[in-house]
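Q: One structure coming up, written as structure tokens, with questions to follow.
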Amino acid sequence: MFELSKSQRQIVKAAKDFAKGEFDKEMACEMEKNRKFPVEVWKKAAELGFIGIHYPEDQGGGGLGLLENVLITEELCRRDSTMGYAISHAGFASECLALFASDEIKEQVLPRIAEGELLSGAAFSETQQGTIPEKLQTSAIEQNNGWVINGFKTCVINGGAAGYYIVLCQTDPSADRPEKGRSLLLVEAGSPGITIEDCGKRMGGNMVNTADLSFDNVKVPAINLIGKKGKGTDYLQRYFDDSRIMAAAQAVGIAAGALDRTLEYTKGRIQFNRRIIDFQVTRHKIAEMATQIELSRMMTYRAAWIRDKGKPDHKLSSMAKLTAAQAAVNAGTHAIQLFGGYGFMTEYEVERFYRDARMIANSSGNDHIQKDIIAAGVIGKK
């Protein structure tokens, strides 16, 4: 039987207490409205060791696993979907460095992320293509003991706010298969030749900056190659196991937060001389929400636990992401319905939880992509 250890339960309590003490509803609504990243809360989270808890200790982290990071993320998103989403994206894609970068790069960047000194961003996607484009337009050419990057990336998480970007580039245009000629490069945000254009307000996740990045002869030192040349696609496939589990953790937290608010509201709201929660239709919706949340939570924990055992499972990671995202969207939908007209008002939060759930459903691959991965794992190779 799976159960959390004593230390893991203590981490859950610490994250819950932190979020309760630092997350303010009115502040969150205002920051979401104005698209402001919660800098002060993020720095306090870093001081308590919540950022990079899964990095090795000699790289500024807590030396713990992905499961511990999942537990923290769930609690933060449960308390406030948008603020939790933002803080859990502080080190976005930095796992690529922890897994594949040289020791010099790890020592240069990871401690600064863990200490709340800088954010990280990932520049993978290109216009009208997915996270791993079939035809990559961004190229990097070896020149003068370094790299020169040209191209364009869209929807870059922490774009315009990150200190470094992890950029997917075509480094070998003559490769027999295009995906085999791609590499990851670490690019400092202030490098000459980078142009940033804000993507504007999105449906959800609006405390996180998202921007388009243009690269015009951007020079990068040779040492900033992450891992080996031509391994970029393979590295991303491995990283996406982690990112899907983390997206699932965000979704589980958001779903649980929507349920918390629904329980509080329906217990206090009176209709026809009865509490709303005493009607069977209400109780059945709550039962559906609670069941989906528990199922997706256990699947997410298991995916993280297996990953920490050194046995990442593409199929299980996608199952966790798929079920958790669906649970979050359904929980948000039921919450809005049970709140009635109030469900659409910002002061009651559930509309924001729903919008953030919708954002997560399309992050790290939408439902169709997860189903393709799951089907491939179930059916096997031809």
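The values are calculated or read from the model by the stated rules, or taken from the named source; none is laboratory data. The structure presented is a predicted model; accordingly, all values stated were derived computationally and were not measured. Methodologically, a virtual Cβ is constructed for each residue, glycine included, from the backbone with ideal geometry; neighbour enumeration extends over all protein chains shown.
Q: Provide a single number: the residues in the range 34-55 that are charged (D, E, K, R) and farther than 15 Å from Leu118 by Cα.
A: 2
Q: Mind checking whether some residue in the range 147-170 is loosely packed, with under 14 Cβ neighbours inside 10 Å, assigned to a loop (DSSP other than H, G, I, E, B) and not hydrophobic (A, V, I, L, M, F, W, C)?
A: Scanning the range 147-170 turns up no residue that is loosely packed, with under 14 Cβ neighbours inside 10 Å, assigned to a loop (DSSP other than H, G, I, E, B) and not hydrophobic (A, V, I, L, M, F, W, C).
Q: Moving on to the next point. Are any of the residues in the range 233-242 at pLDDT 95 or above and in a strand (DSSP E or B)?
A: no
Q: Let me ask another. Where residues in the range 283-293 are in contact (Cβ under 8 Å) with a residue 24 or more places away in the chain and surrounded by fewer than 20 Cβ atoms within 10 Å (Cβ to Cβ), which of them is nearest to Ser317 (Cα to Cα)?
A: Across the range 283-293, the extreme among qualifying residues is Ala290.
Q: Confirm whether Ser296 is in a helix (DSSP H, G or I), out of contact with any Ser or Thr (no Cβ under 8 Å at 6 or more places or on another chain), buried (at least 23 other Cβ atoms within 10 Å of the Cβ) and assigned by TED's automatic domain parsing to the domain that holds Arg269.
A: No: the conditions fail for Ser296.
Q: Anything in the range 296-322 that is over 16 Å from Phe2 (Cβ atoms) and touching a residue at least 40 places away in the same chain (Cβ under 8 Å)? List them, or say none.
A: Selection gives Pro312, His314, Lys315, Ser317, Ser318, Lys321, Leu322.
Q: If you check Lys13, Lys43, Lys36, which single one turns out to be over 21 Å from Ile245 (Cβ atoms), outside the structural domain of Ala251 (by TED's automatic domain parsing), assigned to a loop (DSSP other than H, G, I, E, B) and not aliphatic (A, V, I, L, M)?
A: That would be Lys36, the only listed residue that is over 21 Å from Ile245 (Cβ atoms), outside the structural domain of Ala251 (by TED's automatic domain parsing), assigned to a loop (DSSP other than H, G, I, E, B) and not aliphatic (A, V, I, L, M).
Q: Which of the numbered conditions does Gly63 fail, given that it passes all the others? Conditions: (1) touching a Ser or Thr at 6+ places or on another chain (Cβ under 9 Å); (2) in a loop (DSSP other than H, G, I, E, B); (3) over 16 Å from Ile166 (Cβ atoms).
A: So Gly63 meets the others, but not (1).
Q: Which count do you get for residues in the range 262-308 that are within 28 Å of the chain's Cα centre (by Cα) and among the hydroxyl-bearing types (Ser, Thr, Tyr)?
A: Matching residues across the range 262-308 total 5.
Every residue, every condition in (1) touching a strand residue (DSSP E or B) at 6+ places or on another chain (Cβ under 9 Å); (2) of a type in the set (D, E, K, R); (3) free of Cβ contacts under 8 Å to residues at least 40 places away in the same chain, yes or no:
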residue	(1), (2), (3)
Gly84	no, no, no
Ala114	yes, no, no
Glu117	no, yes, no
Thr127	yes, no, yes
Ser139	yes, no, yes
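Q: Please go through the range 242-265 and give me each residue that is in contact with a Lys or Arg (Cβ under 9 Å, 6 or more places away or on another chain) and either assigned by TED's automatic domain parsing to the domain that holds Asp80 or surrounded by fewer than 21 Cβ atoms within 10 Å (Cβ to Cβ) (or both), ordered by number.
A: Matches in the range 242-265: Asp260 only.
Q: Out of the range 16-30, which residues are modelled with pLDDT of 95 or more and assigned to a helix (DSSP H, G or I)?
A: Correct list: Lys16, Asp17, Phe18, Ala19, Lys20, Gly21, Glu22.
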